[in-house]
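Below: the structure, in structure tokens.
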Amino acid sequence: MKGRILVLEVAARFLHPLMMAAAVWVLLRGHDLPGGGFIGGLVAVCATALVSVARGAEAARASIPLGAPRLTAIGVGLAATSGLPALFADAPFLTHLWVELPLGFTQLSIGTPLLFDAGVFAVVFGALGGLLVSILAIDEEEAP
Amino acid sequence: MLAIAPFALFVWASRAFLRYEAPFELRFPWVPWLGVEVGFHVDALALFFLLLITGVGTCVFVYAAGYLGEDPKRRRLFSWLVVFMAAMIGAVAADDLFVLYTFWELTSLASFMLVSYHHESETARRSARQAMLVTFGGGFVLLLGFLVLAGLAGTSSIQGVIAAAPRFAGEPAARFAMFCLFVGAFTKSAQIPFHFWLPDAMAAPTPVSAYLHSATMVKLGVYLLARIEHVFADDWLFGPTLIVVGGTTSAWAMVKTLRERDLKRILAWATVSALGTMMMLIGLPGAEGAMALVAFVLAHALYKAPLFFVAGNVDHCTGTRDIGQLAALARVMPWTAAAALAAALSMGGFPLSFGHFAKELIHIAKRDGDLYTIIGYGSIPVSAITVAVAAIAAVRIFWHRGDGSIPSEMHEAPFSMRIPPLALASLGVLLGLSPHVVDPMLQAAAKCITPDAHLVEIDETRELLGLVPVYALGVIVFASWDRLHEVVAKVKLPSFLLAKTHLEKSQETAVHLASIVTRTIQHGRLRGYAALLFSTMLAALALTLAATLEDGRTLVAHARLGEIDGARIAVLGACVLLVVSAIAMTVLRDTFVLLLVSGLMGLGVALSFLFAGAPDLALTQFIVEVALVVVIASVLLRVRRLGIEHPPTPASPSRLALSLGLGAAVALAIVAASGTGTASTALAEYFGAHSLPDAHGRNVVNVLLVDFRALDTLGEITVLSLAFFATARVFAAFRREEAGR
């Protein structure tokens with residue numbers, strides 16, 4: 001792609017991992033503070049958008065881990081799987097379970113909602129990111 | 001190799017039958033709040049059908065392996081055959097009406113897939129569609145009947161319904177349910193006026209015809225009515241309806257037989273006729289009917305399936321099924337001829353065959369009621385033509401000399417195609433020699449239909465004498481088949497009498513209507529779509545507002561001036577940003593600037609969310625806005641580069657009116673919503689209180705998304721992913737097209 005902006009390209013190289021880290025952070029803290037899988041996924045999509053503006057749609061496509069379709073499918077699978085343990089505990093599908101891990105100074109709560117939220121994250125990232133890339137790819141000129 | 005599975009099931013079912021004492025049940029909840037459970041109730045009747053399904057299934061699998069040879073699509077046929085067999089087993093074993101219905105429809109689906117096996121052929125596709133429309137249409141009516149029945153009985157368990165039957169007998173709703181069940185059973189079992197799909201379904205490969213369309217699937221309707229007979233036995237319409245419909249079908253199908261030249265279609269019409277006889281047997285009063293029914297079902301499976309196999313062999317080895325072109329095949333195909341002969345003996349009801357045994361039982365059953373003597377006489381021609389059809393399939397094409405126009409390329413069928421018909425047909429003859437072997441089985445099955453079914457003493461000489469006219473007439477029909485065929489083929493019925501024409505016409509009308517609707521609604525003009533959307537919105541809002549006003553509520557908001565703090569000022573600032581950019585939107589003309597300003601508006605909304613105490617919403621809004629602007633900008637760039645940009649159109653009065661109206665309505669709605677104070681805070685309070693203790697989360701929005709409303713979220717992300725996969729295909733195609741240019 002011609003007409004790239006060097007500053008943007010360099011900035012994107014630094015910003016992309018930062019934004020991805022932020023996305024994961026937003027996902028993880030979501031249960032207690034503003035954030036969650038949906039917003040985290042959107043932040044990741046924005047990171048992809050940045051890459052695509054700076055380095056082209058192909059680079060953006062490569063920046064989606066596992067490829068957009070696979071990521072989306074895995075996301076739906078994750079979210080659905082997170083509802084299964086409840087069935088073994090004789091509760092309705094998608095009843096979330098928690099485990100309390102005492103860590104001495106505090107307690108760490110780990111539960112199936114995180115798995116569910118990660119699924120949401122993956123679907124939003126995969127589907128919207130993939131969509132974004134394929135729309136932006138229209139603007140891409142054919143490789144010579 | 002695949003035949004092992006049905007064979008193992010067959011062995012299991014036989015064992016179960018030999019040790020049969022009481023029905024065994026298996027149930028676990030499915031939809032508990034509706035009282036629907038996956039219940040299976042395997043009694044002697046179900047076991048009897050299971051034996052048929054798995055026994056004939058074994059032969060069909062063996063035969064299909066030889067018939068298909070190295071056909072590249074054979075994998076598909078086998079997988080659908082397995083699906084079908086599983087569905088059939090489920091349908092006859094089911095104790096819940098809705099479980100039965102599910103399997104019932106599954107068999108229709110399998111039938112559709114199997115009839116359309118040769119999907120390159122237009123006829124096969126059309127036949128498959130027709131069979132599907134008829135059986136699924138009947139299936140819907142059946143479901144309606146099941147719903148009414150379950151409602152009346154208060155349970156959807158079939159045994160429960162039968163037990164509760166005396167409570168609702170005679171109610172009009174029960175009669176309605178009965179007729180719904182009739183429609184379902186008649187479509188499945190090809191009774192008049194739904195009979196036409198079965199002969200057309202002969203476009204399927206022969207193993208499929210033998211299995212689905214003669215031995216098992218088409219008997220589901222018979223099975224259902226036999227199973228449920230008790231519920232409606234007191235309704236005086238039950239028996240006569242079945243006798244009239246069954247009798248008419250069995251007679252009419254025989255007339256249609258005479259019109260055919262294709263061996264398979266001849267057999268198919270004979271099947272329709274046999275199904276009619278079965279329906280009639282259910283309708284007959286008295287205990288002998290049940291016994292005759294199960295015997296006939298068994299006999300029919302034992303002779304019709306091998307005859308279809310024979311037809312398949314003939315087709316396979318000579319390349320034609322036209323009986324006019326087939327003659328003297330016995331020399332080349334001795335094995336097939338032997339199988340055909342054995343099966344035909346049973347079909348014609350000749351002494352010493354199981355068909356004879358069944359036929360005698362039928363005669364006794366018909367004789368039982370004085371009123372029904374006339375049916376006995378009426379069935380003589382039907383039986384006679386059956387004899388003639390049997391003779392055609394066994395004698396004419398194998399031993400008749402013909403006029404010398406025999407296909408030159410002929411050979412005997414491979415081994416795997418010889419064994420199944422021989423096995424089934426010789427079983428039919430063996431059982432005829434010693435019917436007492438299966439007597440206990442038949443009796444047990446018949447007892448499930450009518451508890452007082454018992455063994456019937458057969459007066460041999462009298463029965464034989466009664467059959468003499470049948471054989472005599474049969475021989476006459478056989479001898480003059482070609483002449484009869486010419487006469488019958490000339491008769492043309494007015495097309496409005498044929499249900500088939502109505503079905504086809506309604507299909508055409510449906511397609512025509514759909515194309516009109518599509519053209520009107522999907523005209524492809526974006527502006528039209530937008531106008532439609534916005535006017536609908538306007539109308540909905542206006543109606544709601546009008547309703548609010550009628551309630552006597554005031555639209556004036558109670559403006560309260562609270563203390564002025566930082567957050568309020570910030571929200572006010574965001575609103576100013578919104579207003580300014582909204583005004584700018586109406587003045588600006590350049591699309592790019594418009595896009596940026598609309599992004600600004602989104603930003604304003606996000607800001608107001610943020611300061612009004614909804615940080616999650618604000619974050620989402622920010623990000624969506626950014627992504628949207630990037631995407632639209634790149635599309636706009638592309639459009640501009642291609643030079644296909646539309647010049648902005650001048651404002652038209654109607655669009656101006658629409659915009660103003662919508663704006664006013666939305667503003668009024670907001671005022672009304674905030675002014676009436678109807679918004680309940682109960683939900684917010686509930687979630688606020690329960691979020692941390694119940695779901696371990698302080699962020700109520702997130703807890704709502706992933707826990708309290710997790711199923712909704714799961715649905716949403718599924719939709720999102722499906723939308724992505726669908727659009728990805730479209731974009732991929734678009735790119736390919738671009739690359740191709």
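FYI, it's all coordinate maths here, none of it is from the lab. These numbers were taken from a predicted model, which means no experiment stands behind them. Cβ: placed from backbone, ideal geometry, glycine included. Neighbour counts: every protein chain shown.
Can you compute the charge dipole magnitude of region B:34-161 about its Cα centre, using +1 on each Lys and Arg Cβ and -1 on each Asp and Glu Cβ, nothing else charged? Give it in debye, rounded to the nearest 20.
In total the dipole reaches around 440 debye.
Mean shadow of region B:28-72, computed from the convex hull of its alpha carbons, in nm²? It would help to have the intermediate numbers written out before the result.
Details: hull surface 22.0 nm².
About 5.5 nm², averaged over all directions.
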*So what is the relative contact order for region B:242-325, in percent, with contacts set as C-alpha pairs under 8 Å and at least six apart?*
34 percent
*Farthest toward the dipole's positive end in chain B, which of B:TRP197, B:ALA633, B:ILE282, given Cβ charges of +1 (Lys, Arg) and -1 (Asp, Glu) about the Cα centre?*
B:ALA633
*In whole Hz, what ³J(HN,Hα) sequence does region B:176-183 give by Karplus (6.51, -1.76, 1.60; θ = phi - 60°), x for Gly and Pro?*
4, 4, 4, 5, 4, 5, 4, 4
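Rounded to the nearest 500 deg cm²/dmol, what is the calculated helix-only ellipticity per residue at 222 nm for chain B, with -39500 (n - 2.57) per DSSP H run of length n ≥ 4? Could the numbers behind the result be given before it?
Working: 29 runs with 534 residues, N = 741.
My calculation for chain B gives -24500 deg cm²/dmol from helical runs alone.
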*Mind ranking B:205-215, B:653-663, B:129-139, B:713-723 by how tightly packed they are, going by the mean number of other C-beta atoms within 10 angstrom, highest first?*
B:205-215, B:129-139, B:713-723, B:653-663
*Shielding of A:49-57 by partners, i.e. mean partner chain Cβ atoms within 10 Å per residue?*
2
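Counting only other chains, what is the mean number of Cβ atoms within 10 angstrom of the Cβ of each residue in peptide A:124-134? Provide the component values of the computation, followed by the final result.
On the way: counts 4, 0, 4, 10, 7, 2, 6, 8, 5, 2, 9.
Counting other chains' Cβ atoms within 10 Å and averaging over A:124-134 gives 5.
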_If you average the C-alpha positions of region B:145-199 and of region B:242-289 separately, how far apart do those two centres end up, in angstrom?_
21 Å
*What residues have an amide H closer than 5 Å to that of B:ASP96, excluding those fewer than 5 places away on the same chain, when H is modeled at 1.01 Å from N in the peptide plane?*
B:GLY39, B:ILE158
*Across the residues of A:72-82, average count of Cβ atoms on other protein chains within 10 Å?*
3
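In terms of the Cα gyration tensor, with a ≥ b ≥ c the square roots of its eigenvalues, is region B:239-362 rounded because a/c is under 1.5, prolate because a/b exceeds b/c, or oblate? Don't jump to the answer; show the numbers that get you there.
On the way: a/c = 3.23, a/b = 1.71, b/c = 1.89.
Judged from the Cα gyration tensor, region B:239-362 comes out oblate (a/c at least 1.5, b/c at or above a/b).
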*Pull up the cross-link candidates among the lysines for B:LYS304, meaning alpha carbon to alpha carbon under 16 Å and not fewer than 8 places away within one chain.*
B:LYS219, B:LYS264, B:LYS359
*Note the angle between two axes, namely the Cα long axis of helix B:526-550 and the longest principal axis of the Cα atoms of chain B, as a number of degrees from 0 to 90, rounded to the nearest 10.*
80 degrees
*With contacts defined as alpha carbon pairs under 8 Å and 6 or more residues apart, what's the relative contact order of chain B in percent?*
10 percent
*Please express the Cα-Cα pair-distance distribution P(r) of chain B as a list of whole percents, one per 10 Å bin, running from 0 to the bin with the greatest distance.*
2, 11, 19, 18, 12, 10, 10, 9, 6, 2, 0, 0
*Could you go through region B:111-127 in sequence order and give the Karplus-derived ³J(HN,Hα) for each residue, using 6.51 cos²θ - 1.76 cosθ + 1.60 with θ = phi - 60°, rounded to whole Hz, and x for Gly and Pro?*
4, 4, 5, 7, 5, 8, 4, 8, 6, 6, 8, 4, 4, 4, 5, 5, 5
*What angle, in degrees between 0 and 90 and rounded to the nearest 10, separates the Cα long axis of helix B:158-168 from the longest principal axis of the Cα atoms of chain B?*
90 degrees
*Measure nothing but the geometry: give the 0 to 90° angle between the long axis through the Cα atoms of B:74-93 and the longest principal axis through the Cα atoms of chain B, rounded to 10°.*
80 degrees
*Scaled to the compact-protein estimate 2.2 N^0.38 Å, what is the alpha-carbon radius of gyration of region B:1-235, rounded to two decimal places?*
1.03
